[in-house]
Amino acid sequence: MHKKLLLFFTTAFSLAFQTNAQQNGILPFTGTRYFNEGIWAKNIDINVDGSVLLSDHVPLNKEIEIKLQLPSGFAATGGNYFAGAEVTMLSSRGAVLSKTPNIFSANEGKGFAAAAFKEVIVKVGLRSDVIKAEPSVNILVRFFDLKSKNQLKLEFPVTISKPGEILQVSKIATVVKTSDGSIAASNMLKIKNVDVTVDTSIRVNPKMAYVSLDIPGIEGTSMDDVLAGTETFWVYDDKLNNIKTADKLLKKVGGSMESSIVNYVIKIPFRLKTSTAKGYITRFRWESKDRKKIFDTVIVR
């Protein structure tokens, strides 16, 4: 498999939201899981064709760029950093399609100069001769420090796009401000703020606690557009195990037809009120019928 490593400052587009330095988490848009075990970065970007990837659907023969901006947790020795990166691609059934123990192997002896250690970029090609007829693959990237036990593990489950399916990428995706500092991003929507709270007063299912997202004054869409869009949510425990639920989200859509400003409230069931566990992770995604307008957020409670 064709892979490249770049360790320098680049001008490629980046969605500059700062990832939370919690131990385990999920990135919006792609749903990439991360496991912070001593190595971290100011931003973790997933790009294709020099633009932010907005979903987990990628066509064959495309190259996915996984970038750590301003990485930390690597020990400096003699003014150099000694970084490693293991890249594994698994089939939909978990079989190993390819594996490279360290794509930085050429620099294991001398390391990388601190002045150039601004970004760590791994590029993984979805070659058709490797993937063949697989409907999906799981890309595992493990960044590790050769001078310590620190590492950062990323898991990106990729769905192989069907012929004719559009590639969802953007150079205009933006960070969305949230009341509690949760990660949120959007594309082709103007959202000033999202108020994130926990609601335990819902009577539809009085045993459940709900994550509440109150998004007032959305510009760039309409009530009909929002109602015709697709809403999806996922709930995970603190180990990023998916929690299956039969409960449905609740929503309220309102606003002005004349000004095309939409008020959008979502209530997502994420745990039993009686649960004492901490660190539930809830991801919510809305996308328009044409798949161009997107709102994606990840909340930890």
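Every number here is computed from the coordinates shown, using simple stated rules; none is lab data. Model, not experiment: these values are computed from the prediction. Don't worry about glycine lacking a Cβ; one is built from the backbone with ideal geometry, like all the others, and counts go over all protein chains shown.
Which lysines have a Cα lying under 18 Å from the Cα of K118, excluding residues fewer than 8 positions away in the same chain?
K4, K42, K67, K110
Restricting to DSSP loop positions (anything but H, G, I, E, B) with no more than 10 other Cβ atoms inside 10 Å of their own Cβ, which GluC sites (Glu not before Pro) remain in segment 211-287? Let's see the in-between values first.
Values: sites: E219, E231, E258, E287; in loops: E258.
Filter output for segment 211-287: E258.
Please find the FRET efficiency linking F35 to K190, where r is the Cβ-Cβ separation and R0 is fixed at 30 Å, and quote it to the nearest 0.05.
0.35
Please find the FRET efficiency linking V265 to L240, where r is the Cβ-Cβ separation and R0 is fixed at 30 Å, and quote it to the nearest 0.05.
Between V265 and L240 the formula returns 0.65.
Around K190, under 11 Å between beta carbons, what's the net of Lys plus Arg minus Asp minus Glu among the other residues?
Every neighbour counted, the sum reads +1.
So which GluC sites (Glu not before Pro) in segment 87-184 pass both tests, a DSSP loop state and at most 16 other Cβ atoms within 10 Å of the Cβ?
E108, E165
What nm distance separates the two modelled labels at A106 and K278, each placed 7 Å from Cα along Cα→Cβ?
4.7 nm
Compute the distribution of all C-alpha to C-alpha distances in segment 3-169, in bins of 10 Å from 0, and list the percent of pairs in each, rounded to whole numbers.
Bin by bin from 0 Å, the calculated values are 10, 41, 36, 12, 1, 0.
Using packing as a proxy for protection, rank 185-197, 240-252 so that the peptide with the highest average count of other Cβ atoms within 10 Å comes first.
Numbers: 185-197: 18.7, 240-252: 12.5.
With the highest mean Cβ count within 10 Å placed first, the list reads 185-197, 240-252.
For segment 143-301, what is the Kirkwood estimate of the hydrodynamic radius, computed as the reciprocal of the mean inverse distance between distinct Cα atoms, to one decimal in Å?
In segment 143-301 this quantity evaluates to 17.4 Å.
Helix-only estimate, please: 222 nm mean residue ellipticity of the chain, summing -39500 (n - 2.57) across DSSP H runs of length 4 or more and dividing by its residues, to the nearest 500.
-500 deg cm²/dmol
Less than 20 Å from a label point 7 Å out along the Cα-to-Cβ axis of R93: which backbone N atoms in segment 158-173 qualify, by residue?
158-160
Between K252 and I166, what FRET efficiency comes out of the Förster formula 1/(1 + (r/R0)^6) with R0 = 41 Å and r the beta carbon distance, rounded to 0.05? It would help to have the intermediate numbers written out before the result.
Working: r = 30 Å, r/R0 = 0.73.
In this case the efficiency is close to 0.85.
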